[in-house]
Amino acid sequence: MILVFCELKEGTIRKPSAEALSEGRRLADAAGLKLGAIFAGASCAGSADAAKYGADVIYCAEGASLASYSSDGFAQVLADTVQAKGATVLLAAATAVGKDVAPRAAARLGAGYASDVTGLAMVGGKLQAVRPVYAGKAFATTSFASAVQVATTRPNVFPLAEKAGAGAAEAVAAPAGGFKSVVKEILAKASGKVDLSEANIIVSGGRGMKDGANFGLLEALADAIGGVVGASRAAVDAGWGLPHSMQVGQTGKVVSPTLYIACGISGAIQHIAGMSGSKFIVAINKDPEAPIFKLADYGIVGDLFEVVPELTKSAQGMGIGSN
Amino acid sequence: MKILVAIKQVPDTESRIKVAADGCSLDPADVKWIISPYDEYALEEAIRIKEGKGAEVVALTVGGEAARDVLKNALALGADSAVLLKGDGQGDAYAVAQMIAAYAKDKGFDLFLCGNKGLGGDNAAMGPMLAELLNVAQANVVVKLELGDGTFRAEREVEGGSEVVEGALPAVITAQKGLNEPRYASLKGIMAAKKKTIEEADAAPTTAGSCVTTLALPPERAAGRRLEGEAPAQAAALLQALKDEAKVF
Ligand SMILES: Cc1cc2nc3c(=O)[nH]c(=O)nc-3n(C[C@H](O)[C@H](O)[C@H](O)COP(=O)(O)OP(=O)(O)OC[C@H]3O[C@@H](n4cnc5c(N)ncnc54)[C@H](O)[C@@H]3O)c2cc1C
Ligand SMILES: Nc1ncnc2c1ncn2[C@@H]1O[C@H](COP(=O)(O)O)[C@@H](O)[C@H]1O
């Protein structure tokens with residue numbers, strides 16, 4: 001069996017989890033295996049949705065001890081379920097929770113782990129993973145020495161595929177509690193927008209923005225085309241009041257949107273490390289020699305303070321953000 | 001309080017990446033090795049705890065002879081002692097976690113500080129694996145850490161904000177940018193480090209988890225297109241192209 005750990009948000013499957021499930025279904029079909037989804041929490045309401053993405057069985061660990069996330073508690077649930085159901089592959093999305101729990105569960109299972117993968121295949125009944133390494137300058141194909149194989153899937157890379165599965169619900173036991181560390185409080189930021197790592201369109205600004213207040217121009221463009229705003233490290237570190245959570249790059253977020261628009265960003269390797277996986281890259285820069293143009297599918301040599309407002313105006317005219 | 005800081009030596013991002021003749025590893029010829037930047041935050045945090053409430057700080061790396069450099073640097077910055085565990089520190093994170101766990105077990109560490117990922121390999125796995133192998137608490141991608149009496153409170157970065165994790169010591173904490181501002185080594189520190197010794201031990205045998213079978217360079221990106229004209233014309237042409245060619249909208 002291929003088992004996929006799924007996260008719920010307000011009673012619906014999170015998109016990165018649905019992507020991992022979709023990929024799990026493809027792998028299960030290729031290897032002639034069953035696909036299981038595993039949920040954990042105080043309530044697993046909404047887990048039935050996993051059937052839409054092909055789950056044959058939906059396991060739910062429901063209990064008060066799982067009301068708040070705990071690394072050791074959730075790792076225990078995942079490892080126990082893998083063992084009880086004889087799963088050979090455990091997948092999770094490479095989200096904040098997925099990246100926290102999957103390696104811990106892997107160690108508990110004595111299993112190898114491939115993180116933040118961008119490609120998966122079943123070869124001779126074994127999982128094979130492809131992941132970018134060295135700032136995206138190389139790709140490593142990884143295979144596993146252990147019987148159980150654990151991987152996290154990079155959000156926005158694996159296509160969603162709706163394919164009805166049997167979706168038989170089955171309860172699994174929640175641990176008693178007494179975990180070693182527990183989430184006590186969520187300190188959420190006000191923005192209700194999707195996180196950069198999950199965004200489909202990103203408009204990013206760099207040192208060329210000159211000032212934090214000018215990021216309003218990028219917000220306006222992002223709003224017009226249904227995107228969210230990111231930044232280079234130079235912009236985040238400039239003391240313009242931009243939070244580190246906006247930073248794209250090697251020491252920031254790794255993003256893989258359909259469209260990435262870099263405004264006033266030179267294209268340093270550490271920035272590219274975070275965004276080279278974007279499907280389409282647009283660069284707006286007044287320096288025709290800026291390295292970012294080597295990467296760009298579409299380049300505009302020009303002053304971003306002229307180009308960006310024009311883009312916003314035209315996009316609004318075309319009614320792009322509304323679909 | 002006894003703190004173990006795990007430091008990984010990694011290729012500098014600016015290094016040219018070439019695949020070795022074996023087809024699955026990095027050709028080290030032109031590589032400049034540095035301490036993984038996240039590990040600098042981990043080390044700085046340990047030194048601040050030492051300065052604040054007193055602690056013994058041990059820096060450890062798994063690697064070969066060349067990895068001594070990162071340990072010398074850690075000693076110069078204020079670590080009390082350093083350990084070179086001889087073994088493959090660049091490969092499988094599960095193997096490295098087993099080596100460090102085998103070394104640290106029964107040595108009475110209260111806190112394990114790591115980077116949230118080792119640059120380049122980007123596994124982001126050693127810390128949580130170590131926590132599981134030692135059966136202790138963990139908090140990952142931490143931007144703020146407070147220690148109580150046998151407890152910790154950590155703020156960690158999550159999508160759209162941060163969350164507070166509380167737990168009991170011993171614990172593995174993996175550092176994220178923002179945790180602190182790492183210092184530079186002082187001349188005094190560098191001199192003092194010369195008197196400190198680096199303990200050396202062979203890493204314990206391990207069970208393999210995963211291995212890289214092929215390392216390949218990414219395909220070249222097709223040449224892009226420049227959009228000509230004044231700003232309004234460029235803007236219109238871009239949106240049209242994104243709509244008709246790229247089908248983004
Ligand atoms: C260990 C380490 C980790 C790092 N991690 C990251 C990371 O995660 N993310 C990251 O981004 N960087 C990172 N960096 C920094 C990186 O090396 C670069 O310094 C940084 O990306 C530069 O940001 P920038 O492109 O905004 O600024 P610059 O390189 O200064 O480029 C600004 C660009 O704006 C253009 N410009 C100026 N005015 C205008 C205008 N009016 N219209 C159009 N264009 C204009 C200029 O031509 C120039 O190309 C890291 C560095 C190190 C050493
Ligand atoms: N060879 C190593 N020696 C010491 N610490 C390591 C080693 N490899 C990884 N680590 C630690 O584990 C963290 C995460 O590494 P990784 O899982 O490889 O991304 C690093 O930031 C280090 O703190």
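The values are calculated or read from the model by the stated rules, or taken from the named source; none is laboratory data. For clarity, every value in this text was computed on a predicted model and none was experimentally measured. Neighbour counts are summed over all protein chains in view; Cβ atoms, including those assigned to glycine, are modelled from backbone coordinates with ideal geometry. These accessible areas exclude ligands, DNA and RNA; they are computed on the full protein's heavy atoms, side chains included. Shrake-Rupley method; radii C 1.70, N 1.55, O 1.52, S 1.80 Å.
Comparison of A:PRO103, A:PRO132 shows that the only residue that is surrounded by fewer than 24 Cβ atoms within 10 Å (Cβ to Cβ) and not small (Gly, Ala, Ser) is A:PRO132. Reported count of residues in segment A:255-280, each being hydrophobic (A, V, I, L, M, F, W, C) and within 8 Å of chain B (Cβ to nearest Cβ), is 4. For segment A:8-27, the tally of residues that are out of contact with any Cys (no Cβ under 7 Å at 6 or more places or on another chain) and either surrounded by 24 or more Cβ atoms within 10 Å (Cβ to Cβ) or touching a residue at least 60 places away in the same chain (Cβ under 8 Å) (or both) stands at 12. Only one of the listed residues (A:GLY36, A:GLY98) is touching a residue at least 24 places away in the same chain (Cβ under 8 Å), outside any strand (DSSP E or B) and surrounded by 24 or more Cβ atoms within 10 Å (Cβ to Cβ). That residue is A:GLY98. Quick one: is B:ASP80 within 16 Å of ligand 1 (Cβ to nearest atom) and among the acidic types (Asp, Glu)? Here the answer is no, as B:ASP80 does not meet what is asked.
Residues are listed down the side, and each one gets a yes or a no for (1) open to solvent by 50 Å² or more (accessible area, probe 1.4 Å); (2) at positive phi; (3) touching a residue at least 24 places away in the same chain (Cβ under 8 Å); (4) in contact with a strand residue (DSSP E or B) (Cβ under 7 Å, 6 or more places away or on another chain):
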| position | (1), (2), (3), (4) |
| --- | --- |
| B:GLN9 | no, no, yes, yes |
| B:THR13 | no, no, yes, no |
| B:ILE17 | no, no, yes, yes |
| B:LEU26 | no, no, yes, yes |
| B:VAL31 | no, no, no, yes |
| B:ILE34 | no, no, yes, yes |
| B:TYR38 | no, no, yes, yes |
| B:ILE49 | no, no, yes, yes |
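Cβ-Cβ contacts under 8 Å between residues 6 or more apart (or on different chains), taken from a first residue in segment B:126-141 that is on the phi > 0 side of the Ramachandran plot to a second residue that is open to solvent by 10 Å² or more (accessible area, probe 1.4 Å) and near ligand 2 (Cβ under 9 Å from one of its atoms), are listed as B:VAL141/B:ASN116. Selection within segment A:179-198: residues that are assigned to a loop (DSSP other than H, G, I, E, B) and at pLDDT 95 or above. The member of this set that is nearest to the other protein chains (Cβ to nearest Cβ) is A:LYS180. B:LEU169 meets the conditions (1) under 26 Å from the mean Cα position of the chain (by Cα); (2) at pLDDT below 95 in every case but one. The failed one is (2).
Residue-wise test of (1) in the same structural domain as A:ALA315 (by TED's automatic domain parsing); (2) away from ligand 2 (no atom under 16 Å from the Cβ); (3) open to solvent by 40 Å² or more (accessible area, probe 1.4 Å); (4) closer than 20 Å to A:GLY277 by Cβ.
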position: A:VAL203; (1), (2), (3), (4): yes, yes, no, yes
position: A:GLY208; (1), (2), (3), (4): yes, yes, no, no
position: A:LEU218; (1), (2), (3), (4): yes, yes, no, no
position: A:ASP223; (1), (2), (3), (4): yes, yes, yes, no
position: A:GLY227; (1), (2), (3), (4): yes, yes, no, yes
position: A:ARG233; (1), (2), (3), (4): yes, yes, yes, yes
position: A:ASP237; (1), (2), (3), (4): yes, yes, yes, no
position: A:GLY241; (1), (2), (3), (4): yes, yes, yes, no
position: A:PRO257; (1), (2), (3), (4): yes, yes, no, yes
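Per the conditions (1) more than 10 Å from every other protein chain (Cβ to nearest Cβ); (2) part of a helix (DSSP H, G or I); (3) of a type outside the set (Ser, Thr, Tyr); (4) within 27 Å of B:ALA175 (Cβ to Cβ), the sole criterion not satisfied by A:ALA92 is (2).
Every residue, every condition in (1) without any contact (Cβ under 8 Å) to a residue 40 or more places away in the chain; (2) more than 26 Å from the chain's Cα centre (by Cα), yes or no:
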{"site": "A:THR258", "(1), (2)": "no, no"}
{"site": "A:CYS263", "(1), (2)": "no, no"}
{"site": "A:GLN270", "(1), (2)": "no, no"}
{"site": "A:SER276", "(1), (2)": "no, no"}
{"site": "A:ALA290", "(1), (2)": "yes, yes"}
{"site": "A:LYS294", "(1), (2)": "yes, no"}
{"site": "A:GLY299", "(1), (2)": "yes, yes"}
{"site": "A:GLY302", "(1), (2)": "yes, yes"}
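Of the residues B:LEU145, B:LEU133, the single one that is buried (at least 21 other Cβ atoms within 10 Å of the Cβ), more than 17 Å from B:GLN176 (Cβ to Cβ) and either at pLDDT 95 or above or more than 10 Å from chain A (Cβ to nearest Cβ) (or both) is B:LEU133.
For the structure I just gave you, tell me whether A:PRO175 is surrounded by fewer than 20 Cβ atoms within 10 Å (Cβ to Cβ) and more than 26 Å from A:MET246 (Cα to Cα). Criteria met by A:PRO175.
In segment B:63-77, the condition of being more than 14 Å from chain A (Cβ to nearest Cβ), away from ligand 1 (no atom under 16 Å from the Cβ) and under 27 Å from A:ALA105 (Cα atoms) is met by at least one residue.
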